[in-house]
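A.B. asks: Pasting in a structure now, in structure tokens, and then I'll have a few things to ask.
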Amino acid sequence: MGRERIQILDGGMGTTLESIGHSVSSDLWGSELLYTNPSAMQSIHKGYVEAGADLVETCTYQLTPTNLQKYLSSSSEEHKERSSSSSSIIRSSVNLVHDSFRDKPGVVFSCGPYGSTLKPGAEYSGIYPPPYGPNQSSDPKGNTYKFNYFSNTEEGKAQEENAIHHLTQFHLDKLICLLDDDDQGEVWKKINWIAFETIPLMYEIKAIRRCMKTLNEIARNKYTDGHSRYDGGDGTEKQWHRKKFWITCPFPNGQHPQLTPEGKTISIDTILHILLDPHEDEEIPDGIGINCTNPLYVPQLSSQFTKQLKKIRMSKYELPVFVLYPNGGQVYDVHTKTWSTPLDSPGNAMEWSKGVLEVVNDLEKDKKDDGQYTWGGVIVGGCCKTSFGEIKALKIGLDELYR
């Protein structure tokens, strides 16, 4: 067990921007600062690096080429004078993070679910409109019943496949902006991870895996001859075009939002199989885990992830990294866009980090019957309502734990 197996991720972005006086009330949740005030955005990134983060996310969670272009077209005359495309602004988010590090940059490109672009947000419900979700039903009185699953009929399966197709394209449209003809892959090379976070649906996970399969193939064809390689930095030679990615899910009230056609909560076992089972047209994620979940639920959920992973036959070279970044313990109301603080939420940054580090310690202690680690490593940080104090507390706690 070693400290080198654990990397620290940054904390929340939107809530941190809000706490220091920036508005996050737009459809872009503060991401417009990439265009209007990039230095303010970079100050947040630098703050996390100084707090001890090894990995820092771009402020692109809600950002898409479509909503960004809509914002640009409606910007004030002052901002319209700048000649910027949505693609160039998305690429600039990578450079802002990269240049915030003094050495060994750890850039994570953030991708939220389709639900993060809806009003109200649907990251915690997974209720998407067609064609991204199932057709909703109504009773004779006009009451609409909303659900996030497809029926087991042939029609339901066809609808699900159509939704996967549209969600694959949704994620690909955003990521393809990073593959620019002018920079010879310089922006692409700066990215260490792509994070698909707060994913509430199993069929969106399938779409993301298809997206990454396609994206990595496009990058390989664009930037290499199929043989060009470089040192990945961990002692192994890797094809540089392929990007590591993780998929993390929210667990509001300790349960995944996805329901079965019978209306039951989906099991952790099913989640892991959908995340990790090999399919020819799907890339297997390098990391899986939990984000934007109350830290009170994290110990039991992490234990269930570990228990189920042991049942999946994988070599030590294929083991995924466990990615964990819970929220600060507050509860968000998507309709009022306000936060409430339950009585049992952590009282301060040190209390929050202590609970999270206990889970990290358990993850690293867990071994398979052959003595090998269960997980390929751990990435740990914070999500909404965590900030510099929580990340600094994680850094201090980890250093003490592995002194």
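A.B. asks: Could you tell me which numbered condition GLU351 fails, if it satisfies all but one of (1) of a type outside the set (Val, Ile, Thr); (2) surrounded by 10 or more Cβ atoms within 10 Å (Cβ to Cβ); (3) in a loop (DSSP other than H, G, I, E, B)?
C.D. replies: GLU351 satisfies all of (1) of a type outside the set (Val, Ile, Thr); (2) surrounded by 10 or more Cβ atoms within 10 Å (Cβ to Cβ); (3) in a loop (DSSP other than H, G, I, E, B) except (3).
A.B. asks: I need the full set of residues from the stretch 301-334 which are loosely packed, with under 14 Cβ neighbours inside 10 Å and under 17 Å from PRO257 (Cα atoms), in order please.
C.D. replies: ASP333
A.B. asks: Now for a different question. When you look at LYS395, is it in contact with a strand residue (DSSP E or B) (Cβ under 7 Å, 6 or more places away or on another chain) and over 17 Å from LYS307 (Cβ atoms), yes or no?
C.D. replies: Taking the combined requirement at face value, the residue satisfies it.
A.B. asks: Let me ask another. Name the residues in the stretch 111-131 that are of a type in the set (Ser, Thr, Tyr) and surrounded by fewer than 23 Cβ atoms within 10 Å (Cβ to Cβ), would you? Give the steps one after another, and end with the answer.
C.D. replies: Residues of the stretch 111-131 that are of a type in the set (Ser, Thr, Tyr), as a first pass: 114, 116-117, 124-125, 128.
Listed by number, the residues that qualify are SER116, THR117, TYR124, SER125.
A.B. asks: Going through the stretch 7-34 one residue at a time, which ones are of a type in the set (S, T, N, Q), at pLDDT 85 or above and assigned to a loop (DSSP other than H, G, I, E, B)? Break it down into steps so the answer makes sense when it comes.
C.D. replies: Taking the stretch 7-34 as the starting set, the residues that turn out to be of a type in the set (S, T, N, Q) are 7, 15-16, 19, 23, 25-26, 31.
Narrowing the set further to residues that are at pLDDT 85 or above leaves 7, 15-16, 19, 31.
Scanning the stretch 7-34 gives a single hit, SER31.
A.B. asks: For the stretch 352-382, how many residues meet the condition of being of a type in the set (D, E, K, R) and closer than 30 Å to SER25 by Cα?
C.D. replies: Of the residues in the stretch 352-382, 0 are of a type in the set (D, E, K, R) and closer than 30 Å to SER25 by Cα.
A.B. asks: Pick from GLY52, GLY2: which is in contact (Cβ under 8 Å) with a residue 60 or more places away in the chain and in contact with a helix residue (DSSP H, G or I) (Cβ under 7 Å, 6 or more places away or on another chain)?
C.D. replies: Exactly one of GLY52, GLY2 is in contact (Cβ under 8 Å) with a residue 60 or more places away in the chain and in contact with a helix residue (DSSP H, G or I) (Cβ under 7 Å, 6 or more places away or on another chain), namely GLY52.
A.B. asks: Can I ask one more? Which one of these does GLU4 not meet: (1) loosely packed, with under 15 Cβ neighbours inside 10 Å; (2) modelled with pLDDT under 90; (3) not in a loop (DSSP other than H, G, I, E, B)?
C.D. replies: Among (1) loosely packed, with under 15 Cβ neighbours inside 10 Å; (2) modelled with pLDDT under 90; (3) not in a loop (DSSP other than H, G, I, E, B), the lone unmet condition for GLU4 is (2).
A.B. asks: I would also like to ask the following. Looking only at the stretch 197-212, which residues are among the hydrophobic types (A, V, I, L, M, F, W, C) and either over 13 Å from the mean Cα position of the chain (by Cα) or under 25 Å from ASP103 (Cα atoms) (or both)? Quick ask: steps written out before the conclusion?
C.D. replies: Of the stretch 197-212, the ones among the hydrophobic types (A, V, I, L, M, F, W, C) are 199, 201-202, 205, 207-208, 211-212.
LEU201, MET202, ALA207, CYS211, MET212, listed by residue number.
A.B. asks: Restricting attention to the stretch 55-74, which residues are in a loop (DSSP other than H, G, I, E, B) and either among the β-branched types (Val, Ile, Thr) or under 16 Å from the mean Cα position of the chain (by Cα) (or both)? Spell out the reasoning first.
C.D. replies: The initial filter retains those residues of the stretch 55-74 that are in a loop (DSSP other than H, G, I, E, B), namely 58-64, 74.
Scanning the stretch 55-74 gives THR58, CYS59, THR60, TYR61, GLN62, LEU63, THR64.
The values are calculated or read from the model by the stated rules, or taken from the named source; none is laboratory data. All of these numbers come straight from a predicted model, not from anything done at the bench. Reconstructed Cβ throughout: ideal geometry from the backbone, glycine too, with neighbour counts over all protein chains shown.
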